[in-house]
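Student: The structure's right below; bear with me while I get my questions together.
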Amino acid sequence: MLKAIIQKGAIVPLEPLPPEWRDGFEVSVEPRSANGTVEPTLAQIDQIYAELDRMCSSGDAADFEKFQAALDQVARHDKATAIRSAERLE
């Protein structure tokens, strides 16, 4: 993905353009947050939640229990990792 900045109201590439990009070639531009991640649009967020709702409504209790167990495992792992990181700082 090509990176660019806004300079004096124009989009200025930070690297050379691919040779197939000639005058008039249409591109899409996505804003990035301060930490460099792409921020989802409201439409994308709505689509994500609609998909989650669809997935959750089609599952059964056993699926939910497996999912919850996986979330609990991730939380325990994250907590253990945070504790080890904090211990290294001491």
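The values are calculated or read from the model by the stated rules, or taken from the named source; none is laboratory data. If you're wondering where the values come from, they're calculated on a predicted model, not measured in any experiment. Positions of Cβ are generated from backbone atoms using ideal geometry, with glycine treated the same way; all protein chains shown enter the neighbour counts.
Student: Kindly indicate whether any position in segment 1-10 is surrounded by 10 or more Cβ atoms within 10 Å (Cβ to Cβ), out of contact with any helix residue (DSSP H, G or I) (no Cβ under 9 Å at 6 or more places or on another chain) and touching a residue at least 12 places away in the same chain (Cβ under 8 Å).
Tutor: So far as segment 1-10 goes, yes, one or more of its residues are surrounded by 10 or more Cβ atoms within 10 Å (Cβ to Cβ), out of contact with any helix residue (DSSP H, G or I) (no Cβ under 9 Å at 6 or more places or on another chain) and touching a residue at least 12 places away in the same chain (Cβ under 8 Å).
Student: Name the residue, out of R88, R32, that is at pLDDT below 85, of a type in the set (K, R) and over 30 Å from I11 (Cβ atoms).
Tutor: R88
Student: I've got another one for you. Can we say A50 is on the phi < 0 side of the Ramachandran plot, over 23 Å from the mean Cα position of the chain (by Cα) and part of a helix (DSSP H, G or I)?
Tutor: no
Student: Follow-up. E30 - would you say it is within 30 Å of M1 (Cβ to Cβ) and surrounded by fewer than 10 Cβ atoms within 10 Å (Cβ to Cβ)?
Tutor: Here the answer is yes, as E30 does meet what is asked.
Student: Of D72, D60, which residue is more than 30 Å from I5 (Cβ to Cβ), charged (D, E, K, R) and exposed (fewer than 10 other Cβ atoms within 10 Å of the Cβ)?
Tutor: Criteria check complete, one pass: D60.
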